[in-house]
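The values are calculated or read from the model by the stated rules, or taken from the named source; none is laboratory data. What you see is a predicted model; the values in this text were computed from it and never measured. Ideal geometry is used to build each Cβ from the backbone, glycine not excepted, and the neighbour counts take in all protein chains shown. The protein model used for the area step is the full one, side chains on, heavy atoms only, and it has no ligands, DNA or RNA in it. Shrake-Rupley method; radii C 1.70, N 1.55, O 1.52, S 1.80 Å.
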Amino acid sequence: MSFKPKSLCVFCGSRNGHDPDYVLEAKKLARRMAEEGIEFVYGGGSVGIMGVLAQEVLAHDGRVTGIIPDFLQKLEVGHHGLTELIVTDSMHERKRTMFERSDGFIVLPGGLGTLDETFEIMTWKQLRLHDKPIIVLDCKDYWQPFEQLVNATITGGFAHEGVKDLYKLVKNADAVFDSFNHIPAVKEEVLTSHL
Ligand code: AMP
C-alpha cells in the first residue's frame with residue numbers, strides 16, 4: 001500500500017546518545033521531511049535528538065509542530081522558534097494530540113520516554129484504534145533489543161506472530177520513505193485470535 005504522509009510524528013531521545021551517528025541520521029531524516037514538505041510533529045523540546053530534528057527541519061524551511069505539557073516546558077526547554085507550539089495540561093493530552101496531528105510515526109534512538117510512546121502507539125494499533133504506519137529506525141542496531149523483546153512476547157506465547165506487522169524496522173533515514181510503499185496491513189487475529 002503506497003502512502004504519502006502530510007505529517008509525521010517522531011519519537012526520539014531528549015538526549016543525543018553516545019554515538020554521533022544517531023544525530024547524523026536524525027539530521028538526514030529532518031532534511032528529507034523538509035524537502036518532501038512533510039510537517040514534523042514532536043514533543044516540543046529543544047534538547048537531545050528532539051531539538052536536533054526541530055532545528056534541522058526549520059533550517060531547511062520545513063514546518064515543525066511541538067506539543068509539550070506545561071510542566072515540561074521548562075525542564076525540556078520548550079522550543080520557541082517552532083512553526084507552532086501547543087501546550088497541553090498533561091502527558092496524556094500531549095500524547096493524544098501528537099497522535100491526532102500525525103499521519104504516521106517514526107522512532108529514532110531514545111530512552112524510556114521514547115519506548116513508552118512507541119509501545120503505546122503500537123498497542124493502539126494492535127487494538128485497531130488506528131492503522132497509521134510505525135517505522136522504527138534501527139540506526140547502528142540501536143533497536144535490536146526492542147526487536148528481541150517483541151520476538152520474546154511471541155515465543156513466550158503472549159503475542160500473536162502478526163504483531164510483527166504493527167511496525168517496520170529500517171536501517172536508515174532514506175529507507176523510512178521507501179518503507180511507506182511496503183506497509184503491511186495488520187491481521188485481525190493479532191487482536192482476536194485468543195479471545
Ligand atoms: P526519553 O526517550 O526518555 O529521552 O524521552 C523522550 C520523550 O518522551 C520526551 O519528550 C519525554 O517528555 C517523553 N517522556 C518521558 N517520559 C515519558 C512517559 N512516562 N510517558 C510519555 N512520555 C514520556
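Please verify whether residue 108 is of a type in the set (A, V, I, L, M), in contact with a helix residue (DSSP H, G or I) (Cβ under 8 Å, 6 or more places away or on another chain), modelled with pLDDT of 95 or more and over 19 Å from residue 192 (Cα atoms), treating the condition exactly as stated. Here the answer is yes, as residue 108 does meet what is asked. Of all residue pairs spaced 6 or more apart or on separate chains, those with beta-carbon atoms under 9 Å, a first member in the range 140-164 that is in contact (Cβ under 8 Å) with a residue 60 or more places away in the chain and a second member that is of a type in the set (Ser, Thr, Tyr) are 140/22; 142/22.
Taking each residue of the range 71-93 that is without any contact (Cβ under 8 Å) to a residue 40 or more places away in the chain and looking for partners that are in a loop (DSSP other than H, G, I, E, B) and among the aliphatic types (A, V, I, L, M) with beta-carbon atoms closer than 8 Å, six or more apart or interchain, yields 77/47. Does the range 43-59 contain any residue that is of a type in the set (Val, Ile, Thr), farther than 18 Å from residue 6 by Cα, at pLDDT 95 or above and more than 12 Å from the ligand (Cβ to nearest atom)? The answer is yes, given that some residue of the range 43-59 is of a type in the set (Val, Ile, Thr), farther than 18 Å from residue 6 by Cα, at pLDDT 95 or above and more than 12 Å from the ligand (Cβ to nearest atom).
Report, by residue number, each residue of the range 177-195 that is closer than 19 Å to residue 125 by Cα and assigned to a helix (DSSP H, G or I). If the condition is that a residue be closer than 19 Å to residue 125 by Cα and assigned to a helix (DSSP H, G or I), then 179, 180, 181, 182, 189, 190, 191, 192 are the ones that fit.
The residues in the range 1-21 that are loosely packed, with under 13 Cβ neighbours inside 10 Å and either among the hydrophobic types (A, V, I, L, M, F, W, C) or modelled with pLDDT under 95 (or both) can be counted, and the count is 3. Residue count for the range 68-86, restricted to those that are open to solvent by 50 Å² or more (accessible area, probe 1.4 Å), more than 13 Å from the ligand (Cβ to nearest atom) and in contact with a strand residue (DSSP E or B) (Cβ under 7 Å, 6 or more places away or on another chain): 3.
What about residue 29, is it open to solvent by less than 10 Å² (accessible area, probe 1.4 Å), closer than 19 Å to residue 140 by Cβ and more than 12 Å from the ligand (Cβ to nearest atom)? In short, yes. Selection of the range 124-165 for residues being open to solvent by less than 60 Å² (accessible area, probe 1.4 Å), more than 16 Å from residue 10 (Cα to Cα) and of a type in the set (Val, Ile, Thr) yields 150, 153, 154, 163.
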